[in-house]
Each structure stands twice: as structure tokens, then as C-alpha cells.
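Please read the structure below before turning to the comments.
The values are calculated or read from the model by the stated rules, or taken from the named source; none is laboratory data. Quantities reported herein were computed from a predicted structural model and do not represent experimental measurements. Quick reminder, even Gly has a Cβ in these numbers, built from the backbone with ideal geometry, and neighbours come from all protein chains shown.
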Amino acid sequence: MRQEGSLRSAPPWDTRPDHMEELCSRVRSFVDQRVIPCESELELPGPHAEEPMRRLQQQARAEGLWALGLPNEIGGGGLSFLDYVYVNEIVGRSYHALSALGTHITQDALLLHYYGTAEQKNRWLVPMVAGDMIPSFAITEPDVAGSDPKQLQTRAEWCGDKWVINGHKWVTTHADFASFTICMAVTDPDATPHNRASLFIVPTNTPGYNRTRSMSLLGDTSGGHSDVLYENVELPAEALLGGRGEAFAMAQRRLGPGRIYHVMRWIGQMQRALELMCQRAASRFVHGSLLSDKQTIQNWVADSAADITATRLMTLDAARAIDSGADPRISIAMVKYFGAEALHRVVDRAVQVHGVLGVCSDSPLDSMYRRARFARLYDGPDEVHRMTVARLVQRILTDGGAA
Ligand SMILES: Cc1cc2nc3c(=O)[nH]c(=O)nc-3n(C[C@H](O)[C@H](O)[C@H](O)COP(=O)(O)OP(=O)(O)OC[C@H]3O[C@@H](n4cnc5c(N)ncnc54)[C@H](O)[C@@H]3O)c2cc1C
């Protein structure tokens, strides 16, 4: 069991509105006192981590901390998007707190809440929010660029009385243990590029859904990423989620806010990395002084605090845009790549201050570093979000018109 201290009082940039203080401090206690001490167990592959995770999930439900970002009417805590920013960055202190507090299902639960039929909600949404089912979401394919999903090759054909899906997906997170996958497949190849694909709910025990292997990403297997062949997967008409040909619009509604959920949690990861950095620098003596007395280390501490502050302000800006109904595209794309790179910078500095301890599993930093690297790829690589920001900014500033 790992033990680590944390800053005794909140640093000046760590501010939140009064009405969120009590809830945030309860979440903080849960994450720091219950989840973080179990992290070594939770990093173990497969069944070894299941029991401690189940225990934590029960405790979270009992303490009223479960799925705080989901609407009340589907069993969540009913927080607004903006208020959830403050909670989610605390959840983000530990990767495993996501599952322990029911945050890992937020995007898929909202997708089913917005677009599912009554039957789909009963079958998939209710047990998912109750913590009895794990979802997954499959777009990326090995043979075409995931950054450009218009190239998708997986096909779903209507054969008179059923859908038949054929294709190859990979890096489907949680698919190793998911009960179902929401799969994006081309249904209308001749339609305009953004109207060719549809979403399907695929139970993972359907014949022809063949998980060929678990994927290891930089040595990490805890994300349950699978490579999956879809070989004549037969589904009834009711498996279609939302409208035919509307996968892009629906996925955008899932991925846009989802990117902000990620960035909220990265702030928590950055804060934890900075705490570890400061604690180590204040206790490691080298070449005549503590590391904290060296100018280089002081620069890293200052730059990391600045990275956290900038990311938080950009995140709040994007959350306000979403809550107010304003067009959030620039804010979301901007904070997705800025936040991912800031996370990578801060965790990298913390690793460096720790020397070999920073890349060894005795410290949480080795898994934090791996996951920080992933952040620059999933839900769109940095370059794609820069492209979006540049295109929209250029359009506004040269055409003088709306983006
Ligand atoms: C931890 C993790 C979890 C994931 N989970 C899922 C999941 O659950 N479901 C799922 O479907 N997918 C998932 N993915 C896949 C992820 O969404 C894709 O990796 C991502 O969309 C990029 O696609 P690609 O890997 O095919 O890279 P490519 O599209 O081949 O891109 C390769 C590189 O090209 C560059 N590039 C791309 N476009 C441009 C451009 N316009 N200008 C300049 N450079 C460019 C970028 O540097 C990019 O990294 C996950 C990935 C990771 C790392």
C-alpha cells in the first residue's frame, strides 16, 4: 500500500465556489484516504483488482458520492457541468477514483440518456448507472487513421430483418470486461461523409463479436483495451442507437463534453504530481543543498503551478460555454491539446525530480507518466485539435463571420 502526503492547505490557485466546498472536501477525503492507499492493488491485472474496486464502489454509493456528474433522474448526483469541474479534478488525483466513484461511465450514460429508447435505457443505462455493467465505445480501426473517422471501414448492412456488422476495431477501452460496446459502423456508404455512419449497441456476448487480444499500451493493461473482430455480428433493428446516419453528430455530443471531463481530471493529476515534486525536492539533499534550493527545480515548480492555473482557467471557460449554450468548439479544442501537453510537462518534471524513483512502480509517477502520454492521443491527437482551433479562428478573423 502506497502512502503519500499531500499539501496541508490549499494553494492559492486552488479555489472553488463556497457551495462546492463541502462536497469537494468529502470527495478529496475519499480519494486520498480510500483510493490512493489501494492503488498498488488496483493496478494489478484483471480479477485481482476487482474485489478492492467493488468495495470502493459500494463505499462511494453509501456515502452519496457515486456518479455525481449524471442527472438525478437516471441515478446520478445531478451536478451542473460547471460544478462538476471542481469535483472531477479531485477525482482525477487517482486514475482508479474514476471507476471507484462511477465517473468512468459518464459519457456513455449521457449518450444513452440523450438518444436511447425506453427499452435501451432499461436494458443498458439502468444497470450501467447502478454499477453492474461496464460500457465501451468503438470507433478506432487499425487500417485507417483514427484521427479522420470519415475513413471508417466497418460496415453494418441491413439484411431484410437484421443488421449484420463486419469490421475490425482496436484500442476499445474497457472492452476486456465490458458488457456491451457502442460501435460506429458505416450504414450508408454513398451518403455525404458525415452522414455515412450509425451507432449500434453490441452486447459483447453476441456471436461473431470476437475479442482477439488484450492490448498493452506502454506496458499498461489496466485500461482493458481490446482488439476486436466483428465477423457477421447479427443484431436486431432495436440495436440501432439514435437515428441512422447520425453517428457523427451523436459522437460529437459525447466527445465534446467528454474532452472537458478528461481535462478536469488531468488538473487533479497535475496537482498530485506537483505535490509529489515539492515533497521530494524538500527532502532530497544533493550537491550541498536540498533540491528545492536549486534554481532549476524552482523553475519547474513555478512553471507547473502556472500550467495548472492556465489549464484550470481554460477548463472553466469551456465549461461555462457549454453550460450557457454558447458555441464551445474553440474552447474545447484549445483546452484539450493545451491540457494534454501541460499534463505531460508537469508529470515529466515530477518524474525528473524523483530520479529513478519516478520511473519505478514504487512511485505512482510511473503510471501517471504513461497515462499522461496517452492523453495527447485519445479523443483526438493534439495536432487535430490545433487544426480545429486554427480553422475556426482563421474563419472568424478573416471572414469576420461566425465560426
Ligand atoms: C489510452 C487510449 C485509449 C483509447 N480508447 C479508445 C476507445 O475507447 N475507443 C476508440 O475508438 N479509440 C480509442 N483510442 C484510439 C484513439 O482515439 C486514436 O488513437 C486516435 O483517434 C488517433 O488515431 P490513430 O491512432 O489511428 O492515429 P492516426 O489517425 O493514424 O494519426 C497518427 C498521428 O498523425 C498526426 N496527425 C493526425 N491528423 C493530423 C493533422 N490533421 N495534421 C497534422 N498531424 C496529424 C498526429 O500526430 C497523430 O498522432 C484510444 C487511444 C488511447 C491512446
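The table for this structure:
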{"read-out": "Where a residue in the stretch 148-175 is under 19 Å from Ala191 (Cβ atoms) and its partner, wherever it lies, is within 16 Å of the ligand (Cβ to nearest atom) and at pLDDT below 95, with Cβ under 6 Å and at least six apart", "value": "Lys150/Pro193"}
{"read-out": "Selection status of Glu141, free of Cβ contacts under 8 Å to residues at least 40 places away in the same chain, outside any helix (DSSP H, G or I) and more than 16 Å from the ligand (Cβ to nearest atom)", "value": "no"}
{"read-out": "Where Gln107 falls short, out of the listed (1) of a type in the set (S, T, N, Q); (2) touching a residue at least 60 places away in the same chain (Cβ under 8 Å); (3) surrounded by 18 or more Cβ atoms within 10 Å (Cβ to Cβ); (4) away from the ligand (no atom under 15 Å from the Cβ)", "value": "(4)"}
{"read-out": "Failed criterion for Ser80 (all others in (1) buried (at least 16 other Cβ atoms within 10 Å of the Cβ); (2) of a type outside the set (A, V, I, L, M); (3) at pLDDT below 95 hold)", "value": "(1)"}
{"read-out": "Single residue of the stretch 152-176 satisfying the filter (within 15 Å of the ligand (Cβ to nearest atom) and assigned to a loop (DSSP other than H, G, I, E, B)) that is nearest to Pro203 (Cα to Cα)", "value": "Ala175"}
{"read-out": "Some residue of the stretch 231-244 being of a type in the set (D, E, K, R), in contact with a Lys or Arg (Cβ under 8 Å, 6 or more places away or on another chain) and over 30 Å from Leu101 (Cβ atoms)", "value": "yes"}
{"read-out": "Of all residues making up the stretch 244-296, the number that are without any contact (Cβ under 8 Å) to a residue 40 or more places away in the chain and more than 22 Å from Val359 (Cβ to Cβ)", "value": "5"}
{"read-out": "Check on Thr315, modelled with pLDDT of 95 or more and either within 15 Å of the ligand (Cβ to nearest atom) or within 19 Å of Asn88 (Cα to Cα) (or both)", "value": "no"}
{"read-out": "Residue among Asp362, Asp303 that is part of a loop (DSSP other than H, G, I, E, B), acidic (Asp, Glu) and either farther than 23 Å from Ser147 by Cβ or in contact with a strand residue (DSSP E or B) (Cβ under 7 Å, 6 or more places away or on another chain) (or both)", "value": "Asp362"}
{"read-out": "Subset of the stretch 47-67 [in a loop (DSSP other than H, G, I, E, B) and not acidic (Asp, Glu)]", "value": "Gly64, Leu65, Trp66, Ala67"}
{"read-out": "Meets criteria (touching a Phe, Trp or Tyr at 6+ places or on another chain (Cβ under 9 Å), within 25 Å of Lys150 (Cα to Cα) and of a type in the set (Asp, Glu)) for Glu234", "value": "yes"}
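A quick yes/no check of all residues on (1) within 16 Å of the ligand (Cβ to nearest atom); (2) within 19 Å of the chain's Cα centre (by Cα):
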| site | (1), (2) |
| --- | --- |
| Arg349 | no, no |
| Arg370 | yes, yes |
| Phe374 | yes, yes |
| Val393 | yes, no |
